[in-house]
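So the structure is just underneath, and the comments pick up after that.
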Amino acid sequence: MSINVTDATFETEVLARSEQVPVVVDLWAEWCGPCRTLGPILESVVAQTEGKVVLAKVDTDANPQTAQAFQVQSIPAVHAMVDRKVVASFVGAKGEREVQQFVQNLIPSAEQVRLAELLQAGDEASLRQAVEMAPADEEAVVALAELLVTAGSTDEALALLERLPATATTRQLAARARLATSGIADAGDDGIEQRLGALLEVVKDDPDARTEFLDLLELLGATDPRTVQWRRQLTTRLY
């Protein structure tokens, strides 16, 4: 499938559409010789996917806003978009074999399609299947761990999260799991701050208190200005 896209239609025809199917954006112009060579190859290769990939053609002369958004310096420039993000690109004319490889890499495998279906279902059985299929997939592991924390199976949730590299998301969820039995995770910001104040009095000599203190800061979140203030107070008490 090939469509001509303008600045006015870019949001609908490219960004929104890329949430449903990979979109290959071909940035070209009438005066560009390599563009005239590459264009038919792209159209042919994308047509062979039978709708699994969409080709969006953008005349950079007529659509300067889109060209600027992609920071075009040379054409032809080709960008593949999935879920509103550029996932692959190349500049200059390419042969048919290279273009085929570029486009084929965008088509989800049967396993990826099944994984997406299981994640969308979102129930425990489906999420367990997803994690079994992709043990290191962050989305699958976090989704199952969140469900387990809510159900009270915190030990299993923590074991799952240990599979993943630490991120803000996994650290916060692990903190929720460790704090689940105390009830403080559901006490709201005021309750959390009251507990932080109490823990601050004993953190120097109590390792468990320090762990709980740090978990509570994870619940507040790194962007909360109170987190910085409480960390400073913790450092003062410890050192």
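Data overview
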{"item": "Qualifying positions in segment 73-96 - in a strand (DSSP E or B) and among the polar types (S, T, N, Q)", "result": "Ser89"}
{"item": "Output for segment 45-78, where each listed residue is farther than 12 Å from Val5 by Cβ, in contact with a Phe, Trp or Tyr (Cβ under 7 Å, 6 or more places away or on another chain) and of a type outside the set (Gly, Ala, Ser)", "result": "Ile75, Pro76, Val78"}
{"item": "Any hit, segment 174-182, residues being loosely packed, with under 14 Cβ neighbours inside 10 Å and among the basic types (Lys, Arg)", "result": "no"}
{"item": "Of the criteria (1) in contact (Cβ under 8 Å) with a residue 24 or more places away in the chain; (2) part of a loop (DSSP other than H, G, I, E, B), which one Ala67 fails", "result": "(2)"}
{"item": "Selected residue (criterion: nearest to Thr170 (Cα to Cα)) from residues of segment 185-209 that are touching a residue at least 24 places away in the same chain (Cβ under 8 Å) and not acidic (Asp, Glu)", "result": "Ala185"}
{"item": "Filtered residue count, segment 137-165, keeping only those that are within 15 Å of the chain's Cα centre (by Cα) and either modelled with pLDDT of 95 or more or closer than 26 Å to Arg195 by Cβ (or both)", "result": "4"}
{"item": "Selection within segment 212-230 - loosely packed, with under 15 Cβ neighbours inside 10 Å and either free of Cβ contacts under 8 Å to residues at least 24 places away in the same chain or within 19 Å of Ala174 (Cα to Cα) (or both)", "result": "Gly221, Ala222, Thr223, Asp224, Pro225, Val228, Gln229"}
{"item": "Subset of segment 10-37 [under 14 Å from Leu55 (Cα atoms) and either among the polar types (S, T, N, Q) or not assigned by TED's automatic domain parsing to the domain that holds Gln65 (or both)]", "result": "Thr12, Ser18, Gln20"}
{"item": "Qualifying positions in segment 31-63 - loosely packed, with under 14 Cβ neighbours inside 10 Å, aliphatic (A, V, I, L, M) and either in a helix (DSSP H, G or I) or at pLDDT below 95 (or both)", "result": "Ala47"}
{"item": "Yes/no for Gln120 being assigned by TED's automatic domain parsing to the domain that holds Arg36 and at pLDDT below 95", "result": "no"}
{"item": "Residue count for segment 12-47, restricted to those that are without any contact (Cβ under 8 Å) to a residue 40 or more places away in the chain and more than 17 Å from Val87 (Cα to Cα)", "result": "7"}
{"item": "All positions within segment 118-164 that are among the acidic types (Asp, Glu) and part of a helix (DSSP H, G or I)", "result": "Glu124, Glu132, Glu138, Glu139, Glu146, Asp155, Glu156"}
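For every residue, the table says whether it meets (1) in contact with a helix residue (DSSP H, G or I) (Cβ under 6 Å, 6 or more places away or on another chain); (2) hydroxyl-bearing (Ser, Thr, Tyr); (3) in the same structural domain as Ala125 (by TED's automatic domain parsing).
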{"site": "Leu160", "(1), (2), (3)": "yes, no, yes"}
{"site": "Ala168", "(1), (2), (3)": "no, no, yes"}
{"site": "Arg178", "(1), (2), (3)": "yes, no, yes"}
{"site": "Leu196", "(1), (2), (3)": "yes, no, no"}
{"site": "Leu217", "(1), (2), (3)": "yes, no, no"}
{"site": "Leu220", "(1), (2), (3)": "yes, no, no"}
{"site": "Thr235", "(1), (2), (3)": "no, yes, no"}
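The values are calculated or read from the model by the stated rules, or taken from the named source; none is laboratory data. Not measured: the values here are computed from a predicted model. Cβ atoms come from the backbone with ideal geometry, glycine included; neighbour counts cover every protein chain shown.
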